[in-house]
Amino acid sequence: MTKRFHPALLVAGITFLALLVSAAVRSAPGVLLVPLNVHFGWDRAAISATAALGIFLYGLVGPFAAALMIAFGIRRTVMLGLSLMAVSALASQYMTPPWHYLATWGVASGLGTGMVASVLGAAVVNRWFARRQGLVMGLFAASTATGSLVFLPYLAWLTRAGEWQPVMRVVGLSCLVL
């Protein structure tokens, strides 16, 4: 009896990576707090408010993302979320006033990461796995924590000289590659 590769494993791998990158995008504003404050002179309240708006939209969009997944499909919804994250990160390289940061990392990134949230993991597990649902859902939950653990030290290392653009590039290109 030959063993063949099951497509559900590929779907699980891609979903794991999407959740991992989404966690990296959500954790990036914490690394950017000091460099943006030093480079632009923005106060920490404005920078933190943008991060808070992004987290708020991340949580708010989840149920709507589930409706989008039902209406348009999981793949299209994930591609839209990853595209929003990539555009927000790459466009923010050119920001100058604080409202640019609010529009890119607060709104666009919050909506994109909300589309690629835990609802995605539940939808994939429900659609692709009849057995071992708990194991796969546990792996997806672990990917969210792993995203912060993997990317955060690297993103902090990128800002060691006070530069913030490399963080935007790494996060944006990670979303585009995925």
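The values are calculated or read from the model by the stated rules, or taken from the named source; none is laboratory data. Values in this document were obtained by computation on a predicted structure and should not be read as measured data. Cβ sites come from the backbone with ideal geometry, for glycine too, and all protein chains shown count toward neighbours. These area figures cover heavy atoms from the full protein model, side chains too; ligands, DNA and RNA do not enter into them. Shrake-Rupley method; radii C 1.70, N 1.55, O 1.52, S 1.80 Å.
What the table shows:
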| quantity | calculated |
| --- | --- |
| Residue satisfying all of: in region 1-32; of a type outside the set (Phe, Trp, Tyr) and not in a helix (DSSP H, G or I); surrounded by the most Cβ atoms within 10 Å (Cβ to Cβ) among these | His6 |
| Residue count for region 101-141, restricted to those that are in a helix (DSSP H, G or I), farther than 22 Å from His6 by Cα and open to solvent by less than 50 Å² (accessible area, probe 1.4 Å) | 13 |
| Inter-residue pairs, beta-carbon under 8 Å, first aromatic (Phe, Trp, Tyr) and in region 61-78, second surrounded by 14 or more Cβ atoms within 10 Å (Cβ to Cβ), 6+ apart | Phe64/Gly114 |
| Whichever residue in region 1-35 is over 25 Å from Thr144 (Cα atoms) and hydrophobic (A, V, I, L, M, F, W, C) and, among such residues, is nearest to the chain's Cα centre (by Cα) | Phe5 |
| Output for region 33-47, where each listed residue is small (Gly, Ala, Ser) and exposed (fewer than 13 other Cβ atoms within 10 Å of the Cβ) | Gly41, Ala45 |
| Filter result (outside any loop (DSSP other than H, G, I, E, B), open to solvent by less than 80 Å² (accessible area, probe 1.4 Å) and either of a type in the set (D, E, K, R) or within 30 Å of Phe129 (Cβ to Cβ) (or both)) within region 151-178 | Phe151, Leu152, Val171, Ser174, Cys175 |
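Residue-wise test of (1) open to solvent by 30 Å² or more (accessible area, probe 1.4 Å); (2) touching a Leu at 6+ places or on another chain (Cβ under 7 Å); (3) among the basic types (Lys, Arg).
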site	(1), (2), (3)
Ala49	yes, no, no
Ala52	yes, no, no
Tyr58	yes, no, no
Gly62	no, no, no
Leu68	yes, no, no
Ala71	yes, no, no
Arg76	yes, no, yes
Met85	no, no, no
